[in-house]
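J.: What follows is a structure written as structure tokens; I'll ask about it next.
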Amino acid sequence: MRVLSIAAVALTVAATTPGVAAQDVAPPEVDERIERICAEAEEQYVAMFGKPSAEEPLPVVTMYRNVFCPVELEIEAGTPVRWVNVERRTSHSVWFRALGQPESERLFPEEVVEMTIETPGDHVYLCGPHWETHTMIGRLVVKP
Ligand SMILES: [Cu+2]
């Protein structure tokens with residue numbers, strides 16, 4: 001596994017980034033299509049890394065077919081989260097834009113980024129290249 005970057009992101013400053021308000025951007029409803037994609041994403045994960053994502057020592061969000069799986073994840077503040085691209089070709093990114101964070105590097109298949117979000121709250125995040133065209137949007141709920 002190639003870990004692209006590990007960012008310990010202490011998001012303690014209120015977002016002041018102008019642009020689209022957070023309430024205008026929302027993750028997709030989890031329907032049968034998304035459930036099927038996320039089941040396939042997990043199969044891809046096992047094929048790539050040799051074990052289920054749930055056996056990793058930290059929460060994993062896969063990126064597959066323009067979906068973050070799970071679409072919504074709840075964690076305790078300070079818990080690192082690992083995003084993993086389990087595609088065959090497509091690249092994705094992770095972008096906490098509403099928190100004023102820069103977009104991650106593009107993650108190619110089998111690449112990983114880890115981030116630790118310290119600020120409690122309901123954080124909607126984006127895939128830079130696909131959030132507008134494919135609603136590739138996730139939610140990280142950080143509990144205090
Ligand atoms: Cu994407």
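The values are calculated or read from the model by the stated rules, or taken from the named source; none is laboratory data. Bear in mind that the values here come from a model prediction, so they are computed numbers and not experimental data. Using ideal geometry, Cβ is built from the backbone for each residue, glycine included, and neighbour counts are taken over all protein chains shown.
J.: Which residues, taken from the stretch 61-88, are among the polar types (S, T, N, Q) and within 13 Å of the ligand (Cβ to nearest atom)? Talk me through it step by step, then tell me what you get.
T.: To start, the set of residues in the stretch 61-88 that are among the polar types (S, T, N, Q) comprises 62, 66, 79, 85.
Hits for the stretch 61-88 are Thr62, Asn66, Asn85.
J.: If we keep just the residues of the stretch 89-109 that are over 21 Å from Pro28 (Cβ atoms) and not hydrophobic (A, V, I, L, M, F, W, C), which is farthest from the ligand (Cβ to nearest atom)?
T.: We begin by selecting, within the stretch 89-109, every residue over 21 Å from Pro28 (Cβ atoms); these are 89, 100-102, 105-106, 108-109.
This time we only want the ones that are not hydrophobic (A, V, I, L, M, F, W, C), so: 89, 100-102, 105-106, 109.
Numbers: Arg89: 12, Gly100: 20, Gln101: 16, Pro102: 16, Glu105: 13, Arg106: 9, Pro109: 12 Å.
That would be Gly100.
J.: For Val112, state whether it is crowded, with 19+ Cβ neighbours inside 10 Å, within 15 Å of the chain's Cα centre (by Cα), at pLDDT 95 or above and within 16 Å of the ligand (Cβ to nearest atom).
T.: Working: crowded, with 19+ Cβ neighbours inside 10 Å: no; within 15 Å of the chain's Cα centre (by Cα): yes; at pLDDT 95 or above: yes; within 16 Å of the ligand (Cβ to nearest atom): yes.
Criteria not met by Val112.
J.: Considering the stretch 115-136 alone, what residues qualify as being of a type in the set (A, V, I, L, M) and within 9 Å of the ligand (Cβ to nearest atom)? Lay out the reasoning, then the answer.
T.: The first filter runs over the stretch 115-136 and keeps only residues of a type in the set (A, V, I, L, M), leaving 115, 117, 124, 126, 136.
Passing the criteria: Leu126, Met136.
J.: Quick one: what pairs do we get from the stretch 116-136, first residue on the phi > 0 side of the Ramachandran plot, second away from the ligand (no atom under 16 Å from the Cβ), C-beta under 6 Å, 6+ apart or different chains?
T.: Gly121/Val142
J.: At pLDDT 95 or above, over 17 Å from Asp122 (Cα atoms), of a type in the set (S, T, N, Q) and in a strand (DSSP E or B), is that true of Thr90? If you could, list the steps in order and put the result at the bottom.
T.: On the way: at pLDDT 95 or above: yes; over 17 Å from Asp122 (Cα atoms): yes; of a type in the set (S, T, N, Q): yes; in a strand (DSSP E or B): no.
Considered against the rule, which asks whether it is at pLDDT 95 or above, over 17 Å from Asp122 (Cα atoms), of a type in the set (S, T, N, Q) and in a strand (DSSP E or B), Thr90 comes out as no.
J.: When both residues are 6+ apart or on different chains and their Cβ atoms are under 8 Å apart, which pairs have a first residue that lies in the stretch 56-72 and is touching a residue at least 12 places away in the same chain (Cβ under 8 Å), and a second that is within 13 Å of the ligand (Cβ to nearest atom) and acidic (Asp, Glu)?
T.: These pairs meet every condition: Met63/Glu87; Tyr64/Glu87; Arg65/Glu87.
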